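Peer 1: This is the structure, below, for whatever I ask next.
The values are calculated or read from the model by the stated rules, or taken from the named source; none is laboratory data. All of these numbers come straight from a predicted model, not from anything done at the bench. Positions of Cβ are backbone-derived with ideal geometry, glycine not excepted, and every protein chain shown enters the neighbour counts. Note: areas computed on protein heavy atoms with side chains; ligands, DNA, RNA excluded. Shrake-Rupley method; radii C 1.70, N 1.55, O 1.52, S 1.80 Å.
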Amino acid sequence: MRITQQDAQNIVDEMKASIHRDVNIMDREGVIVASTNPARRGHLHAGALRVIREGLPSLAIWRDDPAAGIQQGVNLPVALAGELEGVIGVTGDPAEVSMFGDVIKRMTEIMLESLHQREQLDLIDRAKGLFVENWLFAPEPDWGELELRGRLLGLRMDAPYAVALLRAEERAGDRTEELDEVRSNLLLRMVRSRLPDGRDHFCAVIRNRILVLLWGMGRREAVAAADGLCRDMEGYYGLRVTAGVSAGTEGPSGIRRCYREAQAAQAVAAQGSRSQAVFYDHKSLEFIVRSIPAAIKRDLGEAVFGGCSEEERREFSELIRLYFREGGDISRCARRLFIHRNTFQYRMDRLEKRTGCKLRDPRSSLLLYLAAREDGEE
């Protein structure tokens, strides 16, 4: 049969739950590949063999024959796209179980058709995933050939994509473990179901990350979409999911730059303790700060504020963050705190005396900013 043994077993288990009778599925050679009676799996089913060889529409077996491995029941051929796939049998007195025959046969064929369609979609997904890997990583790509392959697969390489790269993690003790392929595929299906309709978005599992190509989305919309995916997956699976989002592509080769941007932004997002999406912005001081490993920032915070009390450290951090938010304008800072300008200047002087760093000195101010950001991050 063109389905796995596990899929066949799932079908018979589901059938038994509905009709409360043992059910068997036999392949095109008459061998029992799935059964609700484990002892029968792998044995030749003589009744199924007759159905296959003689082309019978059904076969009722009225007496058990333990020597031949035959039990009472009804056996019917199962077809997919007009081609015989195997036989399904229901164990029991034919006078009682024959009423289930046609229903069980049709239900099995519908399930087989559904599984076959899923397999075809999975094959297409794998082909698209391999194409995207070549698009991203081929050392010397033939762009003309890639564009042709992309069109055949329904992917436009010249489309305005933003790249989102999602990483899902689960914790085992104090260790953080990458998700396996099965879990990644489940998450991939969830991502597909959450993407907006009407646009040519694409997603695939690439190097144990979920890659999402967001078609025609600006910065805000792309970050909001990725952030929503992170939170949905966190809520449904209990995982921590982080994402990096790139700027938009500019031509087919731009996808590689965008992938690197998304990688860098996801690494920044992963430093936090919650699920979130981060946009790549190399011109942003905040992004640069968030790119620095947390351990280095903690060491820097201790170096700058090591001689300060906890209360002073908190007060100085708030002062520094306000100073940078207001672009170094002391008058605006003072107004924000409802204090005189000279009072704010006095606090800056006290910060310099306690830390040895001066806010108005560019070299010192950057150290103070990094230390204050470490204290203020979640």
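Peer 1: Take segment 343-366 and flag every residue that is among the hydroxyl-bearing types (Ser, Thr, Tyr) and open to solvent by 50 Å² or more (accessible area, probe 1.4 Å).
Peer 2: Within segment 343-366, the subset among the hydroxyl-bearing types (Ser, Thr, Tyr) is 343, 346, 355, 364-365.
Hits for segment 343-366 are THR343, TYR346.
Peer 1: Still on this structure, I have one more. Could you check segment 287-336 and list, in sequence order, the residues that are in a loop (DSSP other than H, G, I, E, B), surrounded by 15 or more Cβ atoms within 10 Å (Cβ to Cβ) and at pLDDT 90 or above?
Peer 2: In the first step, residues of segment 287-336 are kept if they are in a loop (DSSP other than H, G, I, E, B); the result is 292-293, 306-309, 326-329.
If we keep only those that are surrounded by 15 or more Cβ atoms within 10 Å (Cβ to Cβ) as well, we get 292, 308, 326.
Passing the criteria: only CYS308.
Peer 1: Ok, one more. For segment 234-272, give me the residue count where each residue is assigned to a helix (DSSP H, G or I) and β-branched (Val, Ile, Thr).
Peer 2: Going through segment 234-272 one residue at a time, the tally reaches 2.
Yes/no matrix, rows are residues, columns are (1) surrounded by fewer than 20 Cβ atoms within 10 Å (Cβ to Cβ); (2) of a type in the set (A, V, I, L, M, F, W, C); (3) touching a residue at least 60 places away in the same chain (Cβ under 8 Å); (4) part of a loop (DSSP other than H, G, I, E, B):
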position	(1), (2), (3), (4)
MET15	no, yes, yes, no
GLU29	yes, no, no, yes
ALA48	no, yes, no, no
ARG53	yes, no, no, no
PRO57	yes, no, no, yes
ALA60	yes, yes, no, no
ALA67	yes, yes, no, no
LEU76	no, yes, no, no
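Peer 1: Say whether the condition of being in a strand (DSSP E or B) and either open to solvent by less than 20 Å² (accessible area, probe 1.4 Å) or within 25 Å of PHE324 (Cα to Cα) (or both) is met by at least one residue in segment 221-233.
Peer 2: So the first thing to find is which residues in segment 221-233 are in a strand (DSSP E or B), and the list is none.
No, there is no match, as no residue in segment 221-233 is in a strand (DSSP E or B) and either open to solvent by less than 20 Å² (accessible area, probe 1.4 Å) or within 25 Å of PHE324 (Cα to Cα) (or both).
Peer 1: Which pairs have Cβ atoms under 6 Å, sit 6 or more apart or on different chains, and link a residue in segment 313-332 that is acidic (Asp, Glu) to one that is open to solvent by 30 Å² or more (accessible area, probe 1.4 Å)?
Peer 2: GLU326/ARG332
Peer 1: List every residue pair whose Cβ atoms sit under 6 Å apart, with the two residues 6 or more apart in sequence or on different chains, where the first one lies in segment 144-158 and is open to solvent by less than 50 Å² (accessible area, probe 1.4 Å) and the second, anywhere, is among the small types (Gly, Ala, Ser).
Peer 2: Between residues of segment 144-158 that are open to solvent by less than 50 Å² (accessible area, probe 1.4 Å) and residues that are among the small types (Gly, Ala, Ser), the close pairs are MET157/GLY150.
Peer 1: Quick check, is VAL191 modelled with pLDDT of 90 or more and either out of contact with any His (no Cβ under 7 Å at 6 or more places or on another chain) or open to solvent by 50 Å² or more (accessible area, probe 1.4 Å) (or both)?
Peer 2: On the way: modelled with pLDDT of 90 or more: no; either out of contact with any His (no Cβ under 7 Å at 6 or more places or on another chain) or open to solvent by 50 Å² or more (accessible area, probe 1.4 Å) (or both): yes.
So VAL191 fails the test.
Peer 1: Kindly list the number of the only condition in (1) in contact with a Phe, Trp or Tyr (Cβ under 7 Å, 6 or more places away or on another chain); (2) modelled with pLDDT of 90 or more that fails for ASP227.
Peer 2: That leaves (1) as the condition not met.
Peer 1: Go through segment 115-131 and give me each residue that's closer than 24 Å to ARG41 by Cβ and either more than 23 Å from the chain's Cα centre (by Cα) or of a type in the set (Val, Ile, Thr) (or both).
Peer 2: Here is the first cut: in segment 115-131, the residues closer than 24 Å to ARG41 by Cβ are 115-116, 118-119.
Matches in segment 115-131: HIS116 only.
Peer 1: If you don't mind, there's one more thing I want to ask. Across segment 204-220, which residue is most open to solvent (accessible area, probe 1.4 Å) among those that are farther than 13 Å from ALA262 by Cβ and part of a strand (DSSP E or B)?
Peer 2: Per the stated criteria, the residue is TRP215.
Peer 1: For segment 337-356, which positions are β-branched (Val, Ile, Thr) and in a helix (DSSP H, G or I)? Outline the logic, then answer.
Peer 2: Let us first name the residues in segment 337-356 that are β-branched (Val, Ile, Thr), namely 339, 343, 355.
Those that are β-branched (Val, Ile, Thr) and in a helix (DSSP H, G or I): THR343, THR355.
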